[in-house]
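Q: The following block contains the structure, expressed as structure tokens.
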Amino acid sequence: MVTVEDFNRMKGGLLRQTLLDCCDAPEWADALLDSRPYPDLVALLATADKLAHEFTPADIERALTAHPRIGEQANGTGLSANWSREEQSGVDSDVETVAALHSANRLYEKRFGRVFLICATGLTTSEILAALLLRLGNDDETEATVVATELRKIAMLRLQRLIVA
């Protein structure tokens with residue numbers, strides 16, 4: 001964790017990789033770095049959120065590749081993988097529930113051609129499954145908007161975990 005002052009002073013290389021762990025959208029990370037210095041955490045988060053509202057479909061598709069299927073553990077020991085495991089900590093190991101989640105994941109991927117993404121922090125398996133099943137009824141445009149919103153939520157939560165006030 002770093003302070004806003006540290007964030008403003010840090011060299012771009014290491015900080016850029018950390019921002020990519022928050023959200024693997026290089027233009028977002030670069031724009032956030034280029035907008036330094038930030039007077040405080042509120043300004044940093046406001047800029048990050050504004051920039052996240054500008055995600056392109058290509059940004060979103062790239063960022064999605066950094067996320068495991070919901071209900072599956074992220075591989076690796078890096079920051080992004082650790083955060084993902086923590087975010088999905090509410091997913092229980094009940095065999096029937098996990099099987100239903102895996103089945104719904106496959107339906108979603110067949111329907112939309114991408115991994116199901118949800119900001120899982122604080123959600124139970126049942127809540128995640130219900131959201132997944134509900135979103136299967138979305139048209140492509142609506143679902144693209146929902147995915148962008150969920151990606152933004154995850155990026156912002158991760159960035160907030162990184163910065164101490």
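Q: Could you work out [θ]222 nm for the chain from helices alone, using -39500 (n - 2.57) per DSSP H run of at least four and dividing by all its residues? Round to the nearest 500 deg cm²/dmol.
A: -20000 deg cm²/dmol
Q: Which residues' amide hydrogens lie under 5 Å from the amide hydrogen of I163, considering only partners 5 or more residues apart or on another chain, with H built in the peptide plane?
A: For I163, the qualifying residues are V2.
Q: Kindly put E96, E109, E150 in sequence by how many other C-beta atoms sit within 10 Å of each C-beta, fewest to most.
A: E96, E109, E150
Q: Next question. In units of 2.2 N^0.38 Å, what is the alpha-carbon radius of gyration of the chain?
A: 1.07
Q: Which of the peptides 17-24, 3-10, 119-126, 34-41 is most tightly packed, and how do the rest follow, going by the mean number of other Cβ atoms within 10 Å of each residue?
A: Final packing ranking: 17-24, 119-126, 3-10, 34-41.
Q: Going by how many other beta carbons lie within 10 Å of each one, how would you line up I128, I163, fewest first?
A: Fewest-to-most Cβ neighbours within 10 Å comes out as I163, I128.
Readers should treat all values here as calculations from the given coordinates under stated rules, not as data from a laboratory. All figures in this text were calculated on a predicted structure; none of them were measured in a lab. Ideal geometry is used to build each Cβ from the backbone, glycine not excepted, and the neighbour counts take in all protein chains shown.
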